[in-house]
Amino acid sequence: MRNVSIVGIGHTVFGNLSDFDLVDVMAFASGNALDDAGIREDRKIIEQVFVANMGGGIINHQTGIASSLVSRMDMEPAMAELVENGPASGASAVKLGYMAIASGMVDVVMVTGGELMRSVTGWEGTDFVASLLHPEAEYNYGLTLPAYGGMFTRIYMERYGLTERDLGLIAVKDHQNGAKNPFAHVRVPCTIEAIHDSENAHVINNYVAEPLRMYGMCPVSDGAASLILCAEDSPKMKYFTKQTPIRITGIGSATDTHCVHNRKDPLVLDAVRLAAERAYAMAGLKAEDISFAELHDAFVILELAISEEVGFFERGKSAEALRNGVTAIDGAKPINTSGGLKSKGHPVGATGVSQVFELVKQLRGQAEKEGRQVKNAKHGMAVNFGGFGNNVVAVICSRRDA
Amino acid sequence: MIDFSAYGVKTPEVKAVKCPSCGKLHYPAPMICNKCGERRDPSGVIFKHWETVSLSGECTLLAWTRVYALPDGLDMQYLLFGIVEFPNGLRASGRLEVDQPVTGMKVNARAETMDNSKGKEFDGLIFGDL
């Protein structure tokens, strides 16, 4: 297959952008990616656009979003499609962009993910995301994604001795990283004293889905991120001399049962493990080769569980690594250097693209000025988790000289 | 006990299905048996009829949570939810009505007609004290 590199990246701030139009927000990130790639007058070289979005049709009452974005960006007649794969829509769009180029069909692709979730109430937003659950056996009851996050956390705590303090430490680490990320939704560090150790901690850190508290959940965010992909053997690479190209070396994805209760072991995330194994096999890499990772911590427990499924740590051992600073930016296996979903935010359609944006930024060495650069970063992995683990996409990006 | 079925009154019921070829039980009903590949035809016209089996009675609580992040339309401060396993091996999610839930405890599953967040009636499972 052809080698594919990421040659431009763009991002909006994540937060409350509800005064803006969904496609305008996506267009802003797309424009940033084109500028980063050094493209201004030559934007018609983009042959294919993939747009990741989960709820535009439901919560923003907008359809035909991909064609709208192309027109807003004056990029006609580029081919354009919408990719909806729940909260993993972003990485799925990256995967399809890769496939379109690797197959030889096109040379240059723009992948943009975006979501506006703050234009509705928190209850409506929670309901919209819950619509991915099984309609008869899950959604009808009022079950939500936080409900499954809570149940998963309780089983994990009971089986491996994880404590609520450990959950707090994940939030502390992610907020430390997010505070240094100019695009993060919550750029405020938090302390373990404030969210756990103090006798009044429960006042600011109340339960949302027991035993998960507010600091165990990602915020509901608006925002967009965008990538420009190009075939390395294409003559069009001549347009992209502004930045160091970062190669997509591995992509894997997998599905699991729609109903969480139908899994043999509710703590085993088969789709995460298989997606990672497929990405490792394609890249010719192993878990120990990965320098850093962006893992989908919509609920902080997922940072631990995913890090175990992808092989970074043994089952039940990731909390020990967290306590010992292994997953901090200056640790041996930095995780969620962007702040993760916990601090950076989670505009569902944008998240997977934003994770890959962070991989590229770190691999280029451009997180240095923000004080959160991973030293000697060669290979980064992103895991974008759809549903409650029923559709997962893993992406590995690498420096071309690695 | 009054047999309401004799009066044409619908009794709340949550149904699992049984594969007519290999006998494997499924909940919720799939369109294909994941053990033998038998196809299910909800209209019963093309393929063999799948028997239904009521889900109720004693079961084991595998996981639970008290959730404050509820969907729009459920105007409650919180709800308790759980995942249970029945003696026949089937598992299900549902609402939990137990004062002091403990993982691994025995609970009683019963079907009740309730409203979802959109006000639509459905027959669902409630896990209560034995």
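The values are calculated or read from the model by the stated rules, or taken from the named source; none is laboratory data. Everything numeric in this text was worked out from a predicted model, so none of it was measured. Using ideal geometry, Cβ is built from the backbone for each residue, glycine included, and neighbour counts are taken over all protein chains shown.
Observations
- Only one entry in A:HIS202, A:HIS185, A:HIS258 is within 14 Å of chain B (Cβ to nearest Cβ) and in a loop (DSSP other than H, G, I, E, B), namely A:HIS258.
- The condition of being among the β-branched types (Val, Ile, Thr), surrounded by fewer than 20 Cβ atoms within 10 Å (Cβ to Cβ) and under 26 Å from B:MET31 (Cα atoms) holds for only one of B:VAL102, B:VAL84, B:VAL45, that being B:VAL45.
- From A:GLU41, A:GLU47, residue being modelled with pLDDT under 95, surrounded by fewer than 24 Cβ atoms within 10 Å (Cβ to Cβ) and over 21 Å from the mean Cα position of the chain (by Cα): A:GLU41
- Unique residue being more than 14 Å from every other protein chain (Cβ to nearest Cβ) and in contact (Cβ under 8 Å) with a residue 12 or more places away in the chain when the list is A:ALA209, A:ALA224: A:ALA224
- Selection count, the range A:265-293, where residues are more than 19 Å from the chain's Cα centre (by Cα) and either within 14 Å of chain B (Cβ to nearest Cβ) or surrounded by 18 or more Cβ atoms within 10 Å (Cβ to Cβ) (or both): 6
- Selected residue [under 18 Å from A:ALA88 (Cβ atoms) and free of Cβ contacts under 8 Å to residues at least 40 places away in the same chain] from A:ARG273, A:ARG278: A:ARG273
- Qualifying residue in the range A:323-330 (condition: part of a strand (DSSP E or B) and either surrounded by fewer than 24 Cβ atoms within 10 Å (Cβ to Cβ) or β-branched (Val, Ile, Thr) (or both)): no
- Some residue of the range A:386-402 being farther than 24 Å from A:ALA37 by Cα, of a type outside the set (Phe, Trp, Tyr) and out of contact with any Gly (no Cβ under 7 Å at 6 or more places or on another chain): yes
- Total residues in the range A:103-145, condition within 14 Å of chain B (Cβ to nearest Cβ) and within 22 Å of A:ALA91 (Cβ to Cβ): 9
- Tally, over the range A:100-136, of residues that are surrounded by fewer than 24 Cβ atoms within 10 Å (Cβ to Cβ) and assigned to a loop (DSSP other than H, G, I, E, B): 14
- Residues of the range B:74-115 that turn out to be more than 20 Å from A:GLY150 (Cβ to Cβ) and either facing chain A (nearest Cβ under 8 Å) or outside any loop (DSSP other than H, G, I, E, B) (or both), as a count: 9
- Residues in the range B:32-51 that are modelled with pLDDT of 95 or more and within 14 Å of another protein chain (Cβ to nearest Cβ): B:ILE32, B:CYS33, B:ASN34, B:LYS35.
- The range A:205-237, residues that are in a helix (DSSP H, G or I) and surrounded by fewer than 15 Cβ atoms within 10 Å (Cβ to Cβ): A:PRO235
- Residues (among the small types (Gly, Ala, Ser) and free of Cβ contacts under 8 Å to residues at least 60 places away in the same chain) located in the range B:110-130: B:SER117, B:GLY119, B:GLY128
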